[in-house]
Every structure is written in structure tokens, then in C-alpha cells.
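Below is one structure, written out as C-alpha cells; comments come after it.
The values are calculated or read from the model by the stated rules, or taken from the named source; none is laboratory data. For clarity, every value in this text was computed on a predicted model and none was experimentally measured. Quick reminder, even Gly has a Cβ in these numbers, built from the backbone with ideal geometry, and neighbours come from all protein chains shown. For accessibility, only protein heavy atoms count, side chains too; no ligands or nucleic acids. Shrake-Rupley method; radii C 1.70, N 1.55, O 1.52, S 1.80 Å.
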Amino acid sequence: MTELARDAAAGLDVQEGAGGQAVLDNLVALLDLERIEEDIFRGVSPPHSPVRVFGGQVAGQALVAAGRTVPPERRVHSLHAYFIRGGDPRVPIVYEVDRIRDGRSFTTRRVVAVQHGKAIFALSASFQKSEPGLEHADAMPEVPDPETLPTYAERLAEFPQALPDVRKRPRPIDIRYVNDPPWVTRQTGERPGRNQVWMRADGVLPDDQLLHVCVLTYASDMTLLDSPLARHGVYWDLDRVLGASLDHALWFHRPFRADEWFLYDTESPSASGGRGLATGRFFSRDGKLLATVVQEGLLRVLPPDGQNARQD
């Protein structure tokens, strides 16, 4: 295990609900996988993990594993992933990389994350060398500057009963809600069709383009399922909601730094069959479209008596 990974496993310099550079450094450590064999890597989870491994963590670690088998001049342009089983945060995760193809312009990798002898996550990622081409992009919505908005902690402080478990977790990503958070709209009766937050890594990241992409991948699993939940006035911990990420796709359009502010603009076009679909767009502060994300999540709202509470 690398020194960084050991620090992450030990949770050094992390306090409940803390943010800042020390917490971000521990996220960087989590993404610093140990190479245990050719194309086989091992990652750990932080001690403050919830019952299951956070989906953004396993996606970010899997992308690190894929990227470490690709020449650095080829940048990831897309990933497609399935969450197969809930990850156990108490034991390491082994990432097995399959070198599917190395072409003249594109490189393809497949990664399977394994715990207890079973696959918990599968990712396919495609990398491309830089080349010129057509250029266009949607415009960024008009929103207030992030510095004018309350912090995540300040939003939670307004509603002491909301998300008691979330308050305890370290926050390597600075999040500022543009619209009212779902735990607020749940009480006010609003049913917004769109959720917007400013995000950035809460500190300074090293100059490693793969790391910045992996940090954004980590962040992309945060607040995304707010969109379908907010449309129905329910939310985690406040209602009997069972949820989990099922699949996740990301397309990276332009280079960026994940420690600079980016707008995460999400909405939910559909929910049915115990699943909710969410789509999102990342914009840089100067209006460039950086990435697009689509995720479907398991969303089961249980009756008060708890019947049908089984979760796959």
C-alpha cells in the first residue's frame, strides 16, 4: 500500500464534517491506487464511509486504474459504468484492467472492481489523443456567483433535523446550491424540475489531468439523484427512501481543473419502475461545457409499515 493510501485508510487530519485542503488531500490519497500486479490495482475506502462504498469513489478509483495503463497524452473522453453490488468499505477493492484495444487515435479499457471474490462494479473507458475538429456547445444557464451563495454546512444548519449522517462525513468537494436544496423544497411544497449546484475540489489539486478528471467523476455522483427526488418531495433520511446508483455514463468534452468552480446543472426526465433517470451538465465558470453525465438510480419509496423493504 502506498504512503498516501495508508494515510487515507487511517483518516489522518480529518474531523467530522470537515472540509479544506487536508480532507481533499485524503481524497487524492484514495485515488492513489496501489499497483499489486500488471494491470491489477488495489484501493481503500475512508474510515468515515457510509454502510456501502460511495459510488463516486469506486468510479473514480476504477478510472484511475484504467488511466494508469494508457499513455498520458491520451485523455479520457467517455466512461460507461454499472454498479453491480454494494461495496464493503471495511475491505480493500481490487481493480482488474483489461486492455481491450490500443488504436492509432483511441484506447479502450475495461475495469472490473472485485470484493470477496465477486464483481461489485464494471467500467469501460475510452481515451483519445488530442485532435482538431468541429466546435460548438450549449450555453451555460445564468446563475449567481458561487461566492454569493451559502455553503453546504450553512444550508444544513438552517434545518437541524436534515441529514444527520451526512453532517458527520468529511467533504472534499465544496458544494453551493443555486436553488433551494431538496430538503428545503420538500417542506415548502416546491417541486423543481432542475437542480443546480456550484462545485469545486475544496483545496488545490496537483497538476495531473487524469486526477482532475477522476475528481470530477467522484463529484458527479453527488447531488445527481436530487433531481428525481425533488420532483416528488421526498429525500434521503427524511423519508423512507431506498436508493443506489445503477449505471453511470460521463462524456468529457474539454479540459478543466476540478479545483476551480464548475456548475453542475441536473434534471430528471423520467422516473418509473422503482428507478429514476437523471442527466447533468458541467460548465466552467466562464461558460464552457466541460462534461455531460447520465445516471439511472434505484429509488424505492417505502410505505410507513416498511413492507417491501428488500433492496437488491
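Observations on the structure shown:
- For the stretch 141-158, a residue qualifies if it is in a loop (DSSP other than H, G, I, E, B) and either among the aliphatic types (A, V, I, L, M) or free of Cβ contacts under 8 Å to residues at least 60 places away in the same chain (or both), and the qualifying residues are E142, V143, P144, D145, L149, P150, T151, E158.
- Filtering the stretch 203-234 to residues that are surrounded by 21 or more Cβ atoms within 10 Å (Cβ to Cβ), part of a loop (DSSP other than H, G, I, E, B) and not β-branched (V, I, T) leaves D221, L224, L225.
Quick grid of which residues meet (1) closer than 21 Å to T292 by Cβ; (2) open to solvent by 40 Å² or more (accessible area, probe 1.4 Å):
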| residue | (1), (2) |
| --- | --- |
| V58 | yes, no |
| A62 | yes, no |
| T69 | no, no |
| V76 | yes, no |
| A81 | yes, no |
| G87 | no, no |
| R90 | no, yes |
| D102 | no, yes |
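- Of the residues H80, H48, the single one that is within 26 Å of G297 (Cα to Cα) and part of a loop (DSSP other than H, G, I, E, B) is H48.
- P269 meets the conditions (1) open to solvent by 50 Å² or more (accessible area, probe 1.4 Å); (2) modelled with pLDDT under 95; (3) not aliphatic (A, V, I, L, M) in every case but one. The failed one is (2).
- Residue match in the stretch 97-108 (condition: charged (D, E, K, R) and touching a residue at least 60 places away in the same chain (Cβ under 8 Å)): yes
- Matching entry among D259, D237 (being under 18 Å from F54 (Cα atoms) and not aromatic (F, W, Y)): D237
- D174 buried (at least 18 other Cβ atoms within 10 Å of the Cβ), modelled with pLDDT of 95 or more and either outside any helix (DSSP H, G or I) or at positive phi (or both): yes
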